[in-house]
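Here the structure is laid out as structure tokens; the discussion comes afterwards.
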């Protein structure tokens with residue numbers, strides 16, 4: 001059930017729990033307040049009492065859940081939720097979407113499996129940019145740090161599960177519905193299925209923590225890469241940003257940057273140098289790729 005609610009509300013698992021608590025406590029507060037108010041009136045017959053009670057709790061419930069949502073940190077979610085309910089009931093005009101407001105807005109989907117430091121840098125880079133939006137964060141690991149970033153930044157979450165990703169539709173319909181222009185792999189550890197690559201040709205880019213074609217391929221990620229670089233006595237390492245194709249770390253290279261590797265370096269110190277390069281260059285390259293024609 002939690003997974004279905006995550007997909008429906010596009011939030012993290014932790015946020016689902018907070019939302020459900022808000023619903024439960026808000027509902028209890030609504031019932032309690034409604035009964036207290038009804039005690040102030042002497043209404044008969046019984047059917048009229050029921051009608052008045054229903055009207056009162058219908059008015060109280062939105063106020064109660066908004067009040068309870070504040071300490072749970074879900075005020076933003078419930079304001080949007082209640083606005084959508086109002087629109088469905090014909091109580092307000094639908095708000096224009098970003099696409100209606102500005103058809104030139106480019107939408108990014110960030111795929112990440114871990115802490116999300118690169119995702120945060122990309123989000124920060126595009127804050128205030130009216131032409132680019134980080135529209136969704138996709139993650140394959142419940143509890144990953146990037147989900148906390150998504151919650152903090154108010155960005156919808158798409159939880160990726162193995163079966164639909166590799167043997168189903170690869171979440172292509174969801175991403176197409178969101179009108180995604182570019183998929184950015186920022187520490188996403190699963191191989192991208194052919195179905196997704198076909199649906200987004202030259203619209204998926206990845207950052208690799210080494211100078212491809214060296215130290216790429218299956219199993220070459222994170223500390224494994226840096227340990228291999230140090231063990232081989234390399235004099236330099238760096239980052240490679242490339243388009244994604246059907247093979248691990250194989251697509252056309254977009255950008256590379258290097259850092260020195262000395263005899264005193266360890267896998268950990270090389271990792272720190274490489275992370276600095278990632279944070280420095282990745283957001284800028286993402287912006288440059290967005291500005292290119294899709295076929296280039």
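FYI, it's all coordinate maths here, none of it is from the lab. Only a predicted model underlies this, so the values are computations on that prediction, with no experimental measurement involved. In this analysis, Cβ positions are derived from the backbone assuming ideal geometry, glycine residues included, and neighbour counts consider all displayed protein chains.
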**Request:** Before rounding to the nearest 500, sum -39500 (n - 2.57) across all DSSP H runs of length at least 4 in the chain and divide by the residue total; then give [θ] at 222 nm in deg cm²/dmol.
**Result:** -15000 deg cm²/dmol
**Prompt:** Viscosity 1.306 mPa s, temperature 10 °C: Stokes-Einstein D of the range 2-88 from its Kirkwood Cα radius, in µm² per second?
**Reply:** 112 µm²/s
**Acute angle (nearest 10 degrees) that the helix 46-69 long axis makes with the longest principal axis of the chain, alpha-carbon atoms** = 30 degrees
**Request:** Could you work out the relative contact order of the range 98-290, using alpha carbon pairs under 8 angstrom and six or more residues apart, expressed as a whole percent?
**Result:** 19 percent
**Prompt:** Relative to the first principal axis of the alpha-carbon coordinates of the chain, what is the inclination of helix 13-38, with its axis defined by its Cα atoms, in degrees from 0 to 90 and to the nearest 10?
**Reply:** 10 degrees
**Fill in**
Label model pair residue 76, residue 54: point-to-point distance (7 angstrom along the Cα→beta-carbon line) in nm is 3.7 nm
**Rounded to 10°, Cα long-axis angle of helix 267-290 versus longest principal axis of the chain** = 70 degrees
**Request:** Quote the FRET efficiency, to the nearest 0.05, computed for residue 227 versus residue 124 with a Förster distance R0 of 25 Å and r equal to the Cβ-Cβ distance.
**Result:** 0.25
**Complete:** Between residue 263 and residue 161, the two model label points (7 Å from Cα along the beta-carbon direction) sit apart by a distance in nm of 5.5 nm
**Prompt:** Based on the mean of other beta carbon atoms within 10 Å per residue, what is the order of 79-88, 276-285, most packed first?
**Reply:** 276-285, 79-88
**Message:** Can you compute the label reach from residue 141? Point 7 Å from Cα along the Cβ direction, backbone N cut-off under 18 Å, restricted to the range 159-193.
**Reply:** 159-163, 184-192
**Fill in**
Highest mean packing first, using Cβ neighbours within 10 angstrom, the peptides 209-222, 109-122 sort as 109-122, 209-222
**Request:** Have a look at the DSSP beta bridges in the chain and tell me what percent are antiparallel, nearest 5.
**Result:** 40 percent
**Fill in**
Length gained, residue 24-residue 176, 0.36 nm per residue minus C-alpha separation, equals 51.3 nm
